[in-house]
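Novice: I'd like to ask some things about the structure below.
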């Protein structure tokens with residue numbers, strides 16, 4: 001696959017995300033996709049696909065913009081994306097600025113990690129408690145455990 005086709009795959013993934021089309025997003029992934037972000041941490045395979053299904057299905061007032069898709073060599077790509085949405089648990093608006101890192105092999109994304117400040121996110125999503133405690137690893141662990149529990153419960157219902 002040529003580099004411009006791989007960049008097109010990254011754009012296809014985020015265009016599908018803009019449309020909350022988790023099926024098209026997941027079609028960009030390899031069967032054994034590995035994903036990491038500050039909230040869900042390490043997910044593999046079906047867990048990743050179900051995470052996107054859960055997030056896309058429950059999104060409120062959602063929009064994203066993405067840009068700056070860069071070829072980093074050896075099949076690695078980065079891009080920036082910004083999500084705007086209402087956090088369903090609190091009804092608070094969130095603007096999450098994310099740096100994505102992806103590895104592409106054989107025309108599919110095999111590794112995907114998203115980097116963002118969990119403290120900044122929790123300050124917006126959770127308000128004052130997030131602002132005051134969002135830097136604390138115990139508070140962050142609670143956020144991560146809640147997200148993981150929500151995902152596992154979602155998977156059980158599918």
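Novice: Mind checking the full-extension length gain between residue 141 and residue 7? Use 0.36 nm per residue of separation minus the Cα-Cα distance, one decimal, nm.
Specialist: 44.8 nm
Novice: Still on this structure, please answer the following. Per-residue ellipticity at 222 nm for the chain, helices alone: DSSP H runs ≥ 4 residues times -39500 (n - 2.57), over residue total, nearest 500 deg cm²/dmol?
Specialist: It lands at -14000 deg cm²/dmol.
Novice: Compute the helix-to-body angle for 46-58: its Cα long axis versus the longest principal axis of the chain, expressed 0 to 90° and rounded to tens.
Specialist: Computed tilt is about 60 degrees.
Novice: Could I ask something else about it? How high is the FRET efficiency from residue 21 to residue 95, r the C-beta distance, R0 25 Å, rounded to 0.05?
Specialist: 0.70
Novice: For Cα pairs less than 8 Å apart in space and 6+ apart in sequence, what is the mean separation divided by the residue count of the chain, i.e. the relative contact order in percent?
Specialist: Relative CO of the chain lands at 21 percent.
Novice: While we're here: Of 102, 54, 25, which has the largest mean-square fluctuation in a 10 Å C-alpha GNM of the chain?
Specialist: Residue with maximal mean-square fluctuation among 102, 54, 25: 54.
Novice: Please arrange 29, 76 by counting, for each residue, the other beta carbons lying within 10 Å of its beta carbon, fewest first.
Specialist: Ascending Cβ contact count within 10 Å gives the list 76, 29.
Novice: OK, next. Using Cβ counts within 10 Å as a stand-in for footprinting exposure, how do 155, 95 rank, fewest first?
Specialist: Lowest to highest Cβ neighbour count: 95, 155.
Novice: How big is the antiparallel share of DSSP beta bridges in segment 17-118, given as a percent to the nearest 5?
Specialist: 90 percent
Novice: Looking at (1) 64, 32, 26; (2) 72, 62, 37; (3) 47, 34, 28, which value of Cα extents along the principal axes in Å comes from a calculation on the structure shown?
Specialist: Structure-derived value, by its label: (3).
Novice: Please figure out what share of the DSSP beta bridges in segment 61-142 is antiparallel and state it in percent, rounded to the nearest 5.
Specialist: 100 percent
Only the coordinates and a few stated rules stand behind these numbers; no lab work does. Remember, predicted model here, so these are calculated numbers, not experimental data. Neighbour counts are summed over all protein chains in view; Cβ atoms, including those assigned to glycine, are modelled from backbone coordinates with ideal geometry.
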